[in-house]
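Structure, as structure tokens:
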Amino acid sequence: MKLSGLSRETGVSTTTLKHWIRVGILPPGRLRNRTTAVYDDRHAHRVRLIIVLRDLYDASTKAIRGLTELIDTDGVTTIEVMNACQALALGVPEDIASDPAYDEYRERTHELMRRRDWRGYPGAAERGMAFALAQASEVGLDYDVDELMAYADALEPLAGRNVAALGPEGSPDEVATRMLVAVNARAKQLVAVSSLAHAAASVRSAIENGSAPADIARPPAPRTR
């Protein structure tokens, strides 16, 4: 298909597609003659990946280029691509891995991984965990490994099902797109569940101290058919 066809298929203007080719995040089309280039599914997959990076993650052109150059590297593995997607999604600085200020939080992360026989060192998720622990500690939420194990007990079975649902099928761009969309949706879901639990705990505390009636804030009865 021509560039106009790629535009119709992906919903991205030809002007934007030309810009993405110019800055090196979308491969140029294959020249059919001196004035016409043609595009295929590979280009459509890349455009959809760029849209996700731009719209869900507000990724810079530099960050997008970093991921797409990795994807286009000969011999790159799916695990390497997925690790790079996690790094981009988490937004954790690379120097977390060696910054001594994070030593305590790295050790908690590594102890959690050792106890559960979780692999992924070194990796973006491992760095992200240490970074998150440090941020939580700064606001008075200093989780120890036993508390992290309780979270892991709940999340590990879900993680297995999530990975299975993603599947390895498709081009590297398609795999990366599915993973980035899933990470974004999963993060929102976990935040929502946590918020609901905290709201319930606040209401329960108010009931127990007598500042709210016992029948407050119950969900509606199940719908009848």
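Please treat every number below as a calculation from the coordinates, not as lab data. Being a predicted model, the structure only gives us computed values, none of them experimental. Using ideal geometry, Cβ is built from the backbone for each residue, glycine included, and neighbour counts are taken over all protein chains shown.
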Q: Lys and Arg at +1, Asp and Glu at -1: add these up for the other residues within a Cβ distance under 13 Å of residue 144 and post the number.
A: -4
**Q.** Residues residue 224 and residue 171, FRET efficiency given R0 of 45 Å [Cβ-Cβ distance, rounded to 0.05]
**A.** 0.40
Q: Taking 7 Å along the Cα-to-C-beta vector as the label spot, tell me the residue 142-residue 111 distance in nanometres, rounded to one decimal.
A: 1.3 nm
Q | Protection proxy ranking, peptides 42-50, 206-214, 170-178, average beta carbon neighbours within 10 Å, highest first | A | 42-50, 170-178, 206-214
Q.
Going by average Cβ density within 10 Å per residue, which order do the peptides 24-37, 6-19 take, highest to lowest?
A. 6-19, 24-37
**Q.** Cα-centred dipole magnitude for segment 106-173, charges only on beta-carbon of K, R (+1) and D, E (-1), debye, nearest 20
**A.** 200 debye
Q) Any idea what the relative contact order of the chain is, in percent, if you count C-alpha pairs under 8 Å spaced at least 6 apart? A) 18 percent
Q) Under a Cβ-Cβ cut-off of 14 Å, what is the net charge of the residues other than residue 107 that fall near it, where Lys and Arg count +1 and Asp and Glu count -1? A) -2
Q.
Within 15 Å, Cβ to Cβ, of residue 95, how many net charges do the neighbouring residues add up to if Lys/Arg are +1 and Asp/Glu are -1?
A. -2
Q) Using 0.36 nm per residue, how much length does the chain from residue 41 to residue 206 gain when fully extended, once their Cα-Cα distance is taken away? A) 53.7 nm
(Q) How big is segment 101-225 along each principal axis, measuring the range of its Cα positions in Å and listing the largest first? (A) 53, 46, 22
Q.
Given the options 83, 68, 102, identify the residue whose Cα lies farthest towards the positive end of the charge dipole of segment 1-134 (+1 on Cβ of Lys, Arg; -1 on Cβ of Asp, Glu).
A. 68
(Q) No solvent, one uniform scatterer per C-alpha: report log10 I(q)/I(0) for the chain via the Debye equation at q = 0.14 1/Å, two decimals. (A) -1.00
Q: With an 8 Å cut-off on Cα pairs and a minimum separation of 6 or more residues, tell me the relative contact order of segment 77-166 in percent.
A: 30 percent
Q) Got a sec? Charge dipole of the chain, +1 on Cβ for Lys and Arg, -1 for Asp and Glu; which of 123, 165, 212 is way out at the positive end? A) 165
Q) If the chain between residue 198 and residue 158 were fully stretched, how many nm would it gain, using 0.36 nm times the residue separation less the Cα-Cα distance? A) 12.3 nm
Q. How would you classify segment 77-166 from its alpha-carbon gyration tensor, with a ≥ b ≥ c the square roots of the eigenvalues: rounded for a/c under 1.5, else prolate if a/b is greater than b/c, otherwise oblate?
A. oblate
**Q.** Residue-span extension gain [residue 33 to residue 185] - 0.36 nm each, minus C-alpha spacing
**A.** 50.4 nm
